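Peer 1: Structure provided below as structure tokens; questions to follow.
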Amino acid sequence: MNETSVVHVETTAHTEVPHDGGHAEGGFPPFNGATFPSQILWLAITFGLFYYMMSKMVLPRIGGILEDRRDRIASDIAEAGRLKQETEAAIAAYEQALAEARRKASGIAQATRDKLATETEAKRAAVEKDLNAKLDEAEKRVAGVKDAALADVREIAGETTNALVESLLGKAPTKNETSKAVSAAMS
Amino acid sequence: MSNDPIHQFHIVNLFPVEIGGVDFSFTNSSLFMVATVAVTTVFLMMATSGRGLVPGRWQSVAEMCYEFVANMLRSSTGTDGMRFFPFVFSIFMFVLIGNLFGMFPYFFTITSHIIVTFALAMIVIMTVVIYGVMRNGLRFLNVFVPADVPPLLLILVTPIEIISFLSRPVSLSVRLFANMLAGHITLKVFAGFVVSLGSLGPLGVAGAVLPLAMAIALTALELLVAFLQAYVFAVLTCMYLNEALHPSH
């Protein structure tokens, strides 16, 4: 198999490429040493050029693109964090203001309540005092009227006794006697 | 001729160049090296010309290549290995695109020639040795002396390490070369079966369906191998570079 293919290769190579320069003479092409210098040279040229273009042009460009993107993402995240912090600060300030307003409102309400309570208390006390004074006066008046009435009763009782004694005995007692007797009877 | 599976590996002289009696002709191999470099460079330049903050389709592909190789290198050598990034990227893309170009019918596969893969492997090994000695001096010899091995065993282990180090350029180049060569021969053989069976009449055409299916499956496999071998080549390059950076392992 191998020998026939070698022969085959030689003939085909020669018929197809007349100016082959004996490249196909080694039989199996990859082991044909005659082609080595050319392959090594062209590999050196092409790979060297490739390495140069990759390291100087292509890779810096792709690396730059990736770095730009990384920077952009990082800065966007930082910006988002900053905005979030601002938002949180605003919320905290709002809540503090709200709490203060609430405290102030409750203070005002408490003060108002206290003021109203003291005012009411004062009014009530004044009214009570007034009423007490009126009550005392009224009681005094009642006592006066009672005393006067009692004095009148004594007089009337004395006169009545005088009249009764006179009509019974025919002789009127002295005023002194009757009044003594009335007093003794009434007490 | 059409059925000869070796025919595709022939070097065809396109433009004769001879310097000092040595043949440096521009051949089909040279043409495909130039094509590989030109297509890859032009593609990467065009794809990134927009410098989009939000990448388009082509720019995504270019960025994917970049980050794939960057992650590969960073994970095996750490950040101080990133100085070799252009080198590893060039190796990976050159081998990958060279392999993939070989998947087109009638195209020449530059990596199917042992001298090309060997030259690439030697570039890697020479970079490792020269940089390793420049950076570490004699401490670079620590690569042959594994840490945490009893001194008695070192008598045995060190020669093995030396042999394995010396065999690296061979294994690195032969792996890529043999994979490309064997894959393309197998593909060509099965494709040849389709043609020869097809010329045998209706029964032959019916029978040719089997090798055709095989050829299709092999094409898919070869695409995988084309990528995988470029990846393996690049990963091993990274591992060898890591030893140059950190010789005591």
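The values are calculated or read from the model by the stated rules, or taken from the named source; none is laboratory data. Bear in mind that the values here come from a model prediction, so they are computed numbers and not experimental data. Here Cβ is always computed from backbone atoms with ideal geometry, including for glycine, and neighbour counts include all displayed protein chains. With ligands, DNA and RNA removed, areas are computed over all heavy atoms of the protein, side chains included. Shrake-Rupley method; radii C 1.70, N 1.55, O 1.52, S 1.80 Å.
Peer 1: Evaluate the following for B:Ser49: is it of a type in the set (Ser, Thr, Tyr) and part of a loop (DSSP other than H, G, I, E, B)?
Peer 2: The answer is yes for B:Ser49.
Matching residues to (1) touching a helix residue (DSSP H, G or I) at 6+ places or on another chain (Cβ under 6 Å); (2) open to solvent by 60 Å² or more (accessible area, probe 1.4 Å):
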| residue | (1), (2) |
| --- | --- |
| B:Leu152 | no, yes |
| B:Ile162 | yes, yes |
| B:Ser171 | no, no |
| B:Met180 | yes, no |
| B:Leu200 | no, yes |
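Peer 1: Part of a helix (DSSP H, G or I), open to solvent by 60 Å² or more (accessible area, probe 1.4 Å), charged (D, E, K, R) and within 14 Å of chain B (Cβ to nearest Cβ), is that true of A:Asp136?
Peer 2: no
Peer 1: If you scan region B:9-25, which residues turn out to be within 9 Å of chain A (Cβ to nearest Cβ) and in contact with a helix residue (DSSP H, G or I) (Cβ under 7 Å, 6 or more places away or on another chain)?
Peer 2: B:Phe9, B:His10, B:Ile11, B:Val12, B:Asn13, B:Val22, B:Asp23, B:Phe24, B:Ser25
Peer 1: Can you tell me which residue within region A:139-168, out of those that are open to solvent by 60 Å² or more (accessible area, probe 1.4 Å) and aliphatic (A, V, I, L, M), is farthest from the chain's Cα centre (by Cα)?
Peer 2: The extreme case among them is A:Leu168.
Peer 1: Something else now. Scan region B:97-123 for residues that are surrounded by fewer than 24 Cβ atoms within 10 Å (Cβ to Cβ) and touching a Pro at 6+ places or on another chain (Cβ under 8 Å) and jot them down.
Peer 2: The answer is B:Ile114, B:Ile115, B:Phe118, B:Met122.
Peer 1: What's the number of the only condition in (1) free of Cβ contacts under 8 Å to residues at least 60 places away in the same chain; (2) open to solvent by less than 50 Å² (accessible area, probe 1.4 Å) that B:Arg175 fails to meet?
Peer 2: For B:Arg175, the exception is condition (2).
Peer 1: If B:His184 satisfies every condition in (1) open to solvent by less than 30 Å² (accessible area, probe 1.4 Å); (2) more than 14 Å from every other protein chain (Cβ to nearest Cβ); (3) in contact (Cβ under 8 Å) with a residue 40 or more places away in the chain but one, which is the exception?
Peer 2: (2)
Peer 1: Looking only at region B:96-151, which residues are in a loop (DSSP other than H, G, I, E, B), more than 14 Å from chain A (Cβ to nearest Cβ) and in contact (Cβ under 8 Å) with a residue 12 or more places away in the chain?
Peer 2: Selection gives B:Met103, B:Phe107, B:Val145, B:Pro146, B:Ala147.
Peer 1: Does B:Asp80 satisfy the condition of being of a type in the set (D, E, K, R) and in contact with a Gly (Cβ under 7 Å, 6 or more places away or on another chain)?
Peer 2: When the stated conditions are applied, B:Asp80 does not pass them.
Yes or no, residue by residue, for (1) among the small types (Gly, Ala, Ser); (2) modelled with pLDDT of 95 or more; (3) touching a Leu at 6+ places or on another chain (Cβ under 7 Å); (4) closer than 18 Å to B:Val235 by Cα:
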| site | (1), (2), (3), (4) |
| --- | --- |
| B:Val128 | no, no, yes, yes |
| B:Asp148 | no, no, no, no |
| B:Ile162 | no, no, no, no |
| B:Leu187 | no, no, yes, no |
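Peer 1: While we're on this one: Out of the residues in region A:34-85 that are of a type in the set (Phe, Trp, Tyr) and at the interface with another protein chain (Cβ under 7 Å from one of its Cβ atoms), state the one that is farthest from the chain's Cα centre (by Cα).
Peer 2: Selected residue: A:Phe36.
Peer 1: Considering only region B:65-85, I want to know if a residue exists there that is under 20 Å from B:Thr127 (Cα atoms) and facing another protein chain (nearest Cβ under 8 Å).
Peer 2: Within region B:65-85, one or more residues are under 20 Å from B:Thr127 (Cα atoms) and facing another protein chain (nearest Cβ under 8 Å).
Peer 1: I've got another one for you. Quick one: which of B:Val37, B:Val54 is within 30 Å of B:Ile114 (Cβ to Cβ) and either facing chain A (nearest Cβ under 9 Å) or part of a loop (DSSP other than H, G, I, E, B) (or both)? Walk me through how you get there before you give the answer.
Peer 2: On the way: B:Val54 fails: within 30 Å of B:Ile114 (Cβ to Cβ).
When all the criteria are applied, what remains is B:Val37.
Peer 1: How do the pairs read when you match residues in region B:37-61 that are farther than 29 Å from A:Gly48 by Cβ with residues anywhere that are part of a loop (DSSP other than H, G, I, E, B) and open to solvent by less than 40 Å² (accessible area, probe 1.4 Å), using Cβ under 9 Å and keeping only pairs 6 or more apart or on different chains?
Peer 2: Short answer, once both residue conditions are applied: B:Pro55/B:Thr48.
Peer 1: Quick one: B:Gly192 ticks every box in (1) open to solvent by less than 20 Å² (accessible area, probe 1.4 Å); (2) farther than 18 Å from B:Leu100 by Cβ; (3) of a type outside the set (Lys, Arg); (4) within 24 Å of the chain's Cα centre (by Cα) bar one, so which box is it?
Peer 2: Result: B:Gly192 passes all but (4).
Peer 1: A further question follows. Kindly list the number of the only condition in (1) free of Cβ contacts under 8 Å to residues at least 60 places away in the same chain; (2) assigned to a helix (DSSP H, G or I); (3) touching a Phe, Trp or Tyr at 6+ places or on another chain (Cβ under 9 Å) that fails for B:Ser29.
Peer 2: For B:Ser29, the failing item is (1).
Peer 1: Also, quick follow-up: From the list A:Thr87, A:Thr46, A:Thr35, which residue is open to solvent by 40 Å² or more (accessible area, probe 1.4 Å) and of a type in the set (S, T, N, Q)? Full working, then the answer.
Peer 2: On the way: A:Thr46 fails: open to solvent by 40 Å² or more (accessible area, probe 1.4 Å); A:Thr35 fails: open to solvent by 40 Å² or more (accessible area, probe 1.4 Å).
Being open to solvent by 40 Å² or more (accessible area, probe 1.4 Å) and of a type in the set (S, T, N, Q) holds for just one of A:Thr87, A:Thr46, A:Thr35, which is A:Thr87.
Peer 1: Quick check on region B:202-249: of everything there that is part of a loop (DSSP other than H, G, I, E, B) and open to solvent by 20 Å² or more (accessible area, probe 1.4 Å), which residue is modelled with the lowest pLDDT?
Peer 2: B:His249
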